[in-house]
Every structure is written in structure tokens, then in C-alpha cells.
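The values are calculated or read from the model by the stated rules, or taken from the named source; none is laboratory data. Just so it is clear, the model here is predicted, and its values are computed rather than measured. Every residue, glycine as well, gets a Cβ built from its backbone with ideal geometry; the counts of neighbours run over all protein chains shown.
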Amino acid sequence: MKKTVLLVVLFLFARFAQAQFIGGGGEASPDLKTNLKALKNWQNLRFGMFIHWGPVTLRGTEIGWSRGREVPIEEYDKLYKEFNPVLFSAKEWVSVAKAAGMKYLIITSKHHDGFCLWDSKYTDYDILSTPFKRDVLKELAEECRRQGILFGTYYSIADWHHPDYTTRYGGDPRPIEQSDMNRYVVYLKNQVKELIERYGTNILWFDGEWEDAWDHQKGMDLYRYARQLRDDLLINNRVDKGRKGMQGMSTSNKFAGDFGTPEQRVGTFDVDRPWESCITICRQWAWKPNDRMKSLRQCIQTLAKTAGGGGNLLLNVGPMLDGRIEQRQIDRLKEIGQWLARYGESIYGTQGGPFKPTEWMACTYKGNKIFIHLFAWPEGELLLPELKGYRILSAQVLQGQRLKVSRQNGKIAVRLPAAPVDENDTVIVLELDKEASDIRPLDVPENILRVN
Ligand code: H79
């Protein structure tokens, strides 16, 4: 009898230990697995537009954390009554994204402040309660479809406005005793269902998962819930608790989420785990007057470094309170688009590597072509580490002249023109005799640049 009990206890312990082991870093459970076709399709797009927008633009403060900090709560929560962006045009926004060479678009359907940019059945704190009364999300989703842009929605799990959400922020005086996270999760799931079924969102970009109100169980449950509604959805890793800081990658694959989310930085080189860097074109996510804008050089190099690291870039704009995107931002986006119209082959549909990015270069490849993005100009020859087992059939400036290439002392030497062809990013193409996908990622020493 005792023996049987002991055996049962041992058996249970073994099962428990096994579960812990699998959970602790092994394979993600089968129902948390990414739809690989949807993933590949999205990765090939490489460049998208992020949009942060809402009634807070009436004050020009940050959408994420000004409620109760820069703007008193009572005032903030009434801003929607004045929100009337009469110059909003979905056609214009999507056209700007297209002209920038962006292939997908993700908009804040609801940020931490709880306001909903769509006609939600589950709250009156939404766009239909503003004087504007037009369903921004619906117009955008339809326009994206019309113009062939993949449509996605940002949705903040943290909701500092909702009475049932169990974390308060910005000195919000409402007692949390009356809040109920289970009720809030019902609200959240209902809204997510609307985004999926009524707006056809392709990407669910969650945020605000770091608060104590959210946990791993809820994260996995939400992931499963959304995927069971539509299998080809992509869901970022902020659905669950796996993310580590702004570096953005999940710490173990026991956590749900199809891609990592580095924020305000280019992700670290990683060609095994999918990721997308979200970065603002100015400094603030939501619009503010006279915000400092990034130069064309910064934008292009950020895109090239992201692609070179194996990731997507989600570049954020914050439209103004009247519904327009600032003209100077439109101009900048169009300049990026002009660069991509010429050199897009080195970004879209490529993979990161095989040379790992450095301060002055990034590298992408597709098939048997390697694209070297140069941000600084070597004197004379560009020297790169040897690619053992490969022949280099040709070297040339992308869309430009042929270059002499040779092998010197175990290095690849490309003779460059005297000056950069494109000051922001000159792309050199090396054509190999075989596909580059078998080459293991290679480090490029920083000091290789100035060698003559
Ligand atoms: O939607 C964008 C941001 O609004 C959101 N994530 C991206 C995609 C975000 N919300 N919070 N955070 C990012 C982290 C921000 C933390 C800080 Fe702060 C903001 C640190 C300093 C300013 C809030 C205010 C926390 C401390 C002070």
C-alpha cells in the first residue's frame, strides 16, 4: 500500500517536473505556435507605419502617460467631447504610407488612456461619442484594403480609464476595490473580437502588459482566444509577460507572441526569432507642436540597420488634432519612399546578414545577392571577411556601376568609387555563385573600414 502511494507521488512529481522543464524554456505549446505563412509574408514587408492618435492631441502631450500627470484626469477624460478632426482622410494617410514605401499600417485602436478610435459596442468612450462621429478605424481598414496595405491594430491591455482594470495611474482616486479584472478581461476580449471580425485586423499589437494586473495565464489565454477567431493573425509578444524591457525580446519561448518588440531602438541582430522595432519619426508618439524630427539620414539608416539585423521597422507618426499628418513629416516620409523606390530590392523580402551590422554598415541578402549598406565611406577598398566556399561572380553599386572585386589575404576587397553614390546609404551588391542562406552570421571588425 505504502509502495503504491510512493509510486503515485513519484509519478506525479515526475510529471510536474517535466511540465516545469518544458515550460521553462523548451518548445512553445502547439496552440501557441505562429502561423508561419502569415509570419513570412509580414517579414517580407519589412517596413510599416505606426500611428498614435486620439483626443490627447488637443493638448499635445503624450498619449501613453499624460493622463493625471500633464493633464488633470477630469480634464483629460473630457477631451473627447472636443475631438473633431475634420480634415482626417483615410485616403490621404494610406497614400502617405504607400508613398513612403510602407507595406503595412498599425493604428492605436485604444491606448492606456482607454479611448476607443472605433465604434465599439462595449463602451461609449469612443469615436462615435465625439463631435466627429466617424469610425476612423473602419475608414482606415477599408482604405488599407483598397490600396493593398496590410492593416493592424495597437490595443493597450493596460486601461487606466476603465473602472474594472485593477491598476490605477496618475493619482487616479477611484478605489481599486471596486475593480474586477475578470470583468475587464471579458470587455477586452469583446473588443478584440470586434477588431478581428468587424475590422479585419491582420496584426494585434498589444501593449501595457507589464502591469501587475496582467499575468502569463491571461496572456496565453488571450493569444489562444484571438488565434481561434482567425488563424492567420499575427500577435506581438506584449500579449504575454515574456518581454524583457525595451530591448523587447521574450526571455523564453514558453511565452505567447509571434514576434519581439524592441521599442525606440533597433533590435539586436537576430535572424532566428522574428522582431519588429517601433521607433518614432519625431520624439513623442502622439503629436506635439514643434517636436524634433529625425533626419532623412537617420530614417534610412534605421531602416537599413533594422533589416540588416533581421527585423521589421514600424515607424511612428502622430497626426495632428485637425486630422492631418504634419507636412514636414509627409515630406520626410516621401523622401524615404524615393530612396526605397530606387533601392528597395535591398530591403523588401530580404533577410538580415550574413555580415552582422556595425556602426557604419548593415547587410541584407536575398537568394544569391548580398546587399552591403554603407553609412561611411572607406578609403579606397572595402574589405570584408572571407565567404569560404563561395565564388563572387560580381560586385556593383546597386542601380549603378560595376566594381572590381578580388580576394586579398583572406579578405574580400571591393574597389569603391571615390565618393558615396548615396550619402545616406550606398548599397553595394555582391553576387555569389550559390544561395547565401547557408552562410553563418559573420562579425565584421570595426577597424576594417579605414584599411587601404
Ligand atoms: O505606444 C507607445 C508608448 O506610448 C508605449 N509603448 C509604445 C509602443 C509605452 N507606454 N509606456 N511605455 C511605453 C514605457 C514608458 C515609460 C516612461 Fe515614463 C515614459 C518612462 C519615462 C517616460 C511613465 C512616465 C513612466 C514613467 C514616467
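If you filter region 150-172 down to residues that are touching a residue at least 60 places away in the same chain (Cβ under 8 Å) and not small (G, A, S), you find that the one that is surrounded by the most Cβ atoms within 10 Å (Cβ to Cβ) is Y154. Taking the conditions exactly as written (of a type in the set (F, W, Y) and within 16 Å of the ligand (Cβ to nearest atom)), does W339 satisfy them or not? No: the conditions fail for W339. For region 209-249, filtering for residues that are buried (at least 21 other Cβ atoms within 10 Å of the Cβ) and within 13 Å of the ligand (Cβ to nearest atom) leaves 6.
Residues that are away from the ligand (no atom under 16 Å from the Cβ) and crowded, with 22+ Cβ neighbours inside 10 Å within region 251-265 comprise A256, D258, listed in sequence order.
In region 266-292, of all residues being of a type in the set (V, I, T) and not in a strand (DSSP E or B), the one that is nearest to the ligand (Cβ to nearest atom) corresponds to I281. Among the conditions (1) closer than 19 Å to T350 by Cα; (2) out of contact with any His (no Cβ under 9 Å at 6 or more places or on another chain), the only one that D425 does not satisfy is (2). Does region 112-127 hold any residues that are more than 16 Å from the ligand (Cβ to nearest atom) and buried (at least 22 other Cβ atoms within 10 Å of the Cβ), and which are they? Residues satisfying the conditions are W118, S120, D126, I127.
Across region 50-97, the qualifying residues are those that are without any contact (Cβ under 8 Å) to a residue 40 or more places away in the chain and in a helix (DSSP H, G or I), and the one among them that is nearest to the ligand (Cβ to nearest atom) is Y76.
Here T268 does not qualify as crowded, with 20+ Cβ neighbours inside 10 Å, modelled with pLDDT of 95 or more and of a type in the set (V, I, T). Quick one: in region 424-441, which of the residues that are part of a loop (DSSP other than H, G, I, E, B) and not acidic (D, E) is farthest from the chain's Cα centre (by Cα)? This residue is K434. Restricting V397, V444, V421 to residues that are within 33 Å of the chain's Cα centre (by Cα) and in contact (Cβ under 8 Å) with a residue 60 or more places away in the chain narrows the list to V444. Restrict the check to region 418-440 and report whether at least one residue is among the charged types (D, E, K, R), in contact with a Leu (Cβ under 8 Å, 6 or more places away or on another chain) and within 29 Å of C299 (Cβ to Cβ). Checked against the condition, which is being among the charged types (D, E, K, R), in contact with a Leu (Cβ under 8 Å, 6 or more places away or on another chain) and within 29 Å of C299 (Cβ to Cβ), region 418-440 yields at least one hit.
A quick yes/no check of all residues on (1) at pLDDT below 95; (2) in contact with a Leu (Cβ under 9 Å, 6 or more places away or on another chain); (3) surrounded by 22 or more Cβ atoms within 10 Å (Cβ to Cβ):
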{"residue": "T4", "(1), (2), (3)": "yes, no, no"}
{"residue": "F13", "(1), (2), (3)": "yes, no, no"}
{"residue": "L36", "(1), (2), (3)": "no, no, no"}
{"residue": "N41", "(1), (2), (3)": "no, yes, no"}
{"residue": "V56", "(1), (2), (3)": "no, yes, yes"}
{"residue": "I63", "(1), (2), (3)": "no, no, yes"}
{"residue": "Y104", "(1), (2), (3)": "no, yes, yes"}
{"residue": "K110", "(1), (2), (3)": "no, yes, yes"}
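Before we move on, is A395 among the small types (G, A, S) and under 14 Å from A362 (Cα atoms)? No; evaluated as a whole, the condition is false for this residue. Put simply, of L188, L233 the only residue that is within 16 Å of N35 (Cα to Cα), at pLDDT 95 or above and not β-branched (V, I, T) is L233. Only a single item in (1) in contact (Cβ under 8 Å) with a residue 40 or more places away in the chain; (2) of a type in the set (V, I, T); (3) farther than 30 Å from E139 by Cβ is not met by T201, and it is number (3). Do you know which of the residues in region 128-137 that are in contact (Cβ under 8 Å) with a residue 12 or more places away in the chain and surrounded by fewer than 24 Cβ atoms within 10 Å (Cβ to Cβ) is farthest from the ligand (Cβ to nearest atom)? Checked region 128-137; the qualifying residue farthest from the ligand (Cβ to nearest atom) is P131.
Kindly indicate whether any position in region 288-299 is in contact with a Pro (Cβ under 7 Å, 6 or more places away or on another chain) and at positive phi. Checked against the condition, which is being in contact with a Pro (Cβ under 7 Å, 6 or more places away or on another chain) and at positive phi, region 288-299 yields no hits at all.
Q338 passes every criterion in (1) touching a residue at least 12 places away in the same chain (Cβ under 8 Å); (2) closer than 20 Å to L45 by Cα apart from (1).
Residue-wise test of (1) of a type in the set (K, R); (2) buried (at least 17 other Cβ atoms within 10 Å of the Cβ); (3) within 21 Å of Q43 (Cα to Cα).
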{"residue": "A362", "(1), (2), (3)": "no, yes, yes"}
{"residue": "H373", "(1), (2), (3)": "no, yes, yes"}
{"residue": "Y390", "(1), (2), (3)": "no, yes, no"}
{"residue": "R402", "(1), (2), (3)": "yes, no, no"}
{"residue": "R407", "(1), (2), (3)": "yes, no, no"}
{"residue": "I412", "(1), (2), (3)": "no, yes, no"}
{"residue": "R415", "(1), (2), (3)": "yes, no, no"}
{"residue": "A418", "(1), (2), (3)": "no, no, no"}
{"residue": "S437", "(1), (2), (3)": "no, no, yes"}
